[in-house]
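Please treat every number below as a calculation from the coordinates, not as lab data. Small disclaimer: the values here were computed from a predicted structure and weren't measured. Because the Cβ atoms are built from the backbone with ideal geometry, glycine has one as well, and the counts that use them run over all protein chains shown.
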Amino acid sequence: MQMLEELRYLVLAIQREGNRLLAAELRPLGITPSQAEVLRVLRDHGPLTLNALGGLLVCETGNSPSRLVDRLVAQGLVQRSVDKVDRRYLALSLTARGRALHRRVVTAENRLHRAIDGLVADRPLGETIATLRAVADGFPAGAALARRRGHAHELAQER
């Protein structure tokens, strides 16, 4: 197996296992990993228009996140309201139930992160992250993560 082929399959294997473990953690909460990502993005970056939300999601790259949002609205976790900046758009934000569930999502994610940390605790991750970013940034999903990193940096500077 060539190194780049192995890199691709290693990333896929880690993603699949991570998603499987996270799905198991989220199952009692009644949401999927993709729905949890929507809650996380809205909590960290919202309120957002549907288009802006789609630009920050990894789970729905290239697709409209509207079906995810529709389900979350039906569950009473996300609300649509007129955007304060441009009244032609709807802004998405978390409801009180969505904010409460978001806290439980973070707890589930933290359990997964601790499990991963147990596997890599004695390894320096900076170079690995830099390598993975270099690869991911060439793809739409990587661009969504870069926008999330940049948006978080902008918010930190505003505070």
note = The relative contact order of the chain, taking Cα pairs under 8 Å that sit 6 or more residues apart, comes to a percentage of 24
key: Net dipole in debye of region 64-104 [+1 Lys, Arg Cβ; -1 Asp, Glu Cβ; about Cα centre; nearest 20]   = 160
note = Taking the square root of 5λ for each eigenvalue of the C-alpha gyration tensor of region 3-158, the equivalent ellipsoid has semi-axes, largest first and in whole angstrom, of 28, 19, 15
key: Dipole magnitude of region 82-141 about its Cα centre (Cβ charges: Lys, Arg +1; Asp, Glu -1), debye to nearest 20   = 500
Cα lying deepest toward the dipole's positive end in the chain, options LEU132, ALA96, LEU7, charges on Cβ = ALA96
request  = Would you mind putting 23-33, 47-57 in packing order, based on average other-beta-carbon counts within 10 Å, highest first?
outcome  = 47-57, 23-33
query = How much length, in nm to one decimal, is gained on full extension between VAL82 and ARG147, taken as 0.36 nm per residue of separation minus their Cα-Cα distance?
reply = 21.0 nm
remark   = When the charge dipole of the chain is computed with +1 at the Cβ of Lys and Arg and -1 at the Cβ of Asp and Glu, the Cα pointing farthest to the positive end, of SER81, ALA144, ALA24, is that of SER81
note = Rounded to the nearest 500, the 222 nm mean residue ellipticity computed for the chain from DSSP H runs (n ≥ 4, each -39500 (n - 2.57)) alone is -22000 deg cm²/dmol
inquiry  = Between region 92-106 and region 1-62, how far is it from one alpha carbon centroid to the other, in angstrom?
reply    = 17
message = Sort 111-118, 96-103 by the packing proxy (mean of other Cβ within 10 Å over each peptide's residues), most packed first.
response = 96-103, 111-118
note = With 0.36 nm assigned to each residue of separation and the Cα-Cα distance removed, TYR89 to ARG67 gains 6.2 nm
Test item: Cα-centred dipole of the chain, Lys/Arg +1 and Asp/Glu -1 on Cβ, debye = 720
